[in-house]
Amino acid sequence: MINILQTEFFRLKKSVLFWVMFGVCAALPLLSVLVNLLGLAFFEIEGMGVEYDVWELVKKSDITILTLSGLPSLSGDSLFALICTSIFLSKEFSGGTFRNMLLANRRRSDVYLSFLIVAVTIGATYLGATFVSTLLFNGIIFGFGTATAAKVVTACVVSLALGLISVLFLQTMMCMFMFGTRKLAVALACPLAICIVAPSILFSFVETFAQFGLITETDMSWIPIYNLHLLDLTQNDGALIGKILLYLVPLTALFGYLGWLFFKKADLK
């Protein structure tokens, strides 16, 4: 398995797509900060004649921590990792790499675990780039508001930990579709539909039901995937974090197991 990993990481290192996506993930937080700054500048212009200090309000806000709260969501760096990994793995199928490995008496379990590790590594690398960039640019420009050092550290740890679990969830799901169908379109489209289309539909239903008083905020926190958008690290809501993990962890294990079953039975020769 070590030899397989060495070969795949070498190919990944030479991949232009990987580095382009990495650069985008690192630059997006800076773009978000610039948009926020433009919004504040516009707010100052519109509010001329009114006595207030915008930057004083910013210093008292928790913009940085709120931004960190959005990192575990299945968007941004997770989607770039999904695109990069699905294209990278699909080339291995189309190029006959998997078949050649099996013909060279490589165990299927070693092959599957190796490529699963590569997929998770790509996702974790993109998450790390986004996390560091977010912490750097937002922390320097907006600060951490009135949050204590302990609260900032807790927010960073929880954001990064949940982000890694989200990466595992998304990448194992992509591998399940990839190893099950060996088709790029399916491996890319299905996870995107589950992570973008499904949450959008859920959000519409939830907001509608909430307006009519049919569900409460507590009920919303039990809705899988949707509850990721309720995460607010300015408040330590252990119950919400537990509910998020209650869905993500078992589903991640299920996707990983199903992916192995599909690959174990696949006819690649």
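General observations
- Unique match (being in contact (Cβ under 8 Å) with a residue 24 or more places away in the chain and not in a helix (DSSP H, G or I)) among Arg99, Arg106: Arg106
- Restricting attention to the range 195-206 and to residues that are without any contact (Cβ under 8 Å) to a residue 40 or more places away in the chain and of a type in the set (A, V, I, L, M, F, W, C), the residue that is least open to solvent (accessible area, probe 1.4 Å) turns out to be Val206.
- Close pairs (8 angstrom Cβ cut-off, 6 or more residues apart or separate chains): open to solvent by less than 10 Å² (accessible area, probe 1.4 Å) in the range 165-184, outside any helix (DSSP H, G or I) anywhere: Ser166/Pro72; Ser166/Ser73; Ser166/Leu74; Phe169/Leu74; Leu170/Leu74; Phe179/Ala266
- Filtering Ala161, Ala155, Ala124 for residues that are within 19 Å of the chain's Cα centre (by Cα), surrounded by 20 or more Cβ atoms within 10 Å (Cβ to Cβ) and part of a helix (DSSP H, G or I) leaves a single hit, Ala155.
- Subset tally (residues that are among the aromatic types (Phe, Trp, Tyr), open to solvent by 60 Å² or more (accessible area, probe 1.4 Å) and over 25 Å from Ser204 (Cα atoms)) for the range 222-259: 1
The values are calculated or read from the model by the stated rules, or taken from the named source; none is laboratory data. This is a predicted model, so every value here is computed, not measured. Here Cβ is always computed from backbone atoms with ideal geometry, including for glycine, and neighbour counts include all displayed protein chains. Side chains are part of the model used for accessible areas, which takes the heavy atoms of the whole protein and leaves out ligands, DNA and RNA. Shrake-Rupley method; radii C 1.70, N 1.55, O 1.52, S 1.80 Å.
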